[in-house]
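What follows is one structure encoded as structure tokens, with my remarks underneath.
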Amino acid sequence: MQLNIVFLGRDDSRLSLSCLKLLLSSDVRPVALCIDYRKPKKVRPAIRRVLRRVYGVLMNTLRRLGLPVKRYRSLTELANANQLEHFSGVQINSDETVERIRKLKPDLIAICGFSRILKTEVINLAAKACINTHPSLLPKFRGANPIRMVLQYGEKVTGVTIHHVTPKIDGGDIIQQCEVPIDSDETVSSLNDKTNPVAGALLVEVIRQIAESNAQRRPQDESEASYYSKGGIRVT
């Protein structure tokens, strides 16, 4: 079964880029992309976003001319290069965005590196499932910055979890997980480089399982849960 997939990600997220690239090169290509809205707090970040868009246009022009360009630096650049419909700077829970996604009739909403909490109305737009790719072995290290947190807390193993999205942050039933070992000299950057390809491959596998109606699910063990916020790690 071919699924109508809407992908949610952040424009500058390495996790979002890695997952979308693998989806676009697979048999489970999304039909549309929603790129996270971030209100600029300073002029400088806003200028960086404009420069990033200009850079993306330039790189895609070079690709069309057949010149070698190795990597994409934003979701916008990747979407343009693959002629993927995308909505930049969306406020995901706004009436306008909800209606726009509804018209796409998504079977599946796939979230990777998206930093907004979805309201129930958005979650329920997906006919089959709304799923999230989280770079830790849930229920440990829910919330933001799990890569940084596993290093800070001296973990020896981390991983990737694909789970169903619920109103509770990173608290939905687990579909599948994959472990990633942490080396003694690991950095945030090197661990991202290890986990992101794993996340993309696992996401493709899970979407295929959902399409074939044979994806498993199991509830998270709340006694093992921990959550990161600006105040640090707390047990839920």
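Exactly one condition in (1) at pLDDT 80 or above; (2) in a helix (DSSP H, G or I) is not met by Arg52; state its number.
Going through (1) at pLDDT 80 or above; (2) in a helix (DSSP H, G or I) one by one, Arg52 breaks only (1).
Checking Thr158 against (1) under 20 Å from Ser223 (Cβ atoms); (2) part of a loop (DSSP other than H, G, I, E, B), which test does it fail?
Among (1) under 20 Å from Ser223 (Cβ atoms); (2) part of a loop (DSSP other than H, G, I, E, B), Thr158 violates only (2).
Quick check on region 135-147. Is at least one of its residues part of a strand (DSSP E or B) and under 18 Å from the mean Cα position of the chain (by Cα)? Quick ask: steps written out before the conclusion?
Initially, region 135-147 is screened for residues part of a strand (DSSP E or B), giving 142-143.
Pick out the ones that are also under 18 Å from the mean Cα position of the chain (by Cα) and you get 142-143.
Yes - at least one qualifying residue is present in region 135-147.
Please determine whether any residue of region 106-120 is within 16 Å of the chain's Cα centre (by Cα), part of a loop (DSSP other than H, G, I, E, B) and small (Gly, Ala, Ser).
Within region 106-120 (the criterion being within 16 Å of the chain's Cα centre (by Cα), part of a loop (DSSP other than H, G, I, E, B) and small (Gly, Ala, Ser)), the answer is yes, since at least one residue qualifies.
So which residues in region 82-105 are closer than 19 Å to Leu203 by Cβ and part of a strand (DSSP E or B), if there are any at all?
If the condition is that a residue be closer than 19 Å to Leu203 by Cβ and part of a strand (DSSP E or B), then His86 is the only one that fits.
Would you check which residues across region 180-194 are of a type in the set (Ser, Thr, Tyr) and assigned to a loop (DSSP other than H, G, I, E, B) and list them? Full working, then the answer.
Within region 180-194, the first condition is being of a type in the set (Ser, Thr, Tyr), and the residues that meet it are 184, 187, 189-190.
Answer for region 180-194, where residues must be of a type in the set (Ser, Thr, Tyr) and assigned to a loop (DSSP other than H, G, I, E, B): Ser184, Thr187.
Quick one: in region 159-188, of everything that is within 17 Å of the chain's Cα centre (by Cα) and hydroxyl-bearing (Ser, Thr, Tyr), which residue is farthest from Ala126 (Cα to Cα)?
Here the answer is Thr161.
One residue is enough: does region 221-236 have a residue meeting the conditions surrounded by 15 or more Cβ atoms within 10 Å (Cβ to Cβ), at pLDDT 95 or above and not hydroxyl-bearing (Ser, Thr, Tyr)?
Checked region 221-236: no residue is surrounded by 15 or more Cβ atoms within 10 Å (Cβ to Cβ), at pLDDT 95 or above and not hydroxyl-bearing (Ser, Thr, Tyr).
For every residue, the table says whether it meets (1) surrounded by 15 or more Cβ atoms within 10 Å (Cβ to Cβ); (2) over 30 Å from Asp183 (Cβ atoms); (3) modelled with pLDDT of 95 or more.
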site: Thr97; (1), (2), (3): yes, yes, no
site: Pro106; (1), (2), (3): yes, yes, yes
site: Phe114; (1), (2), (3): yes, no, no
site: Ile117; (1), (2), (3): no, yes, no
site: Asn132; (1), (2), (3): yes, no, yes
site: Leu138; (1), (2), (3): yes, no, yes
site: Tyr153; (1), (2), (3): no, no, no
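Out of curiosity, is Ile47 at pLDDT below 90 and part of a strand (DSSP E or B)?
No, not satisfied.
The values are calculated or read from the model by the stated rules, or taken from the named source; none is laboratory data. As the structure is a prediction and not an experimental result, all values here were calculated from the model. Neighbour counts are summed over all protein chains in view; Cβ atoms, including those assigned to glycine, are modelled from backbone coordinates with ideal geometry.
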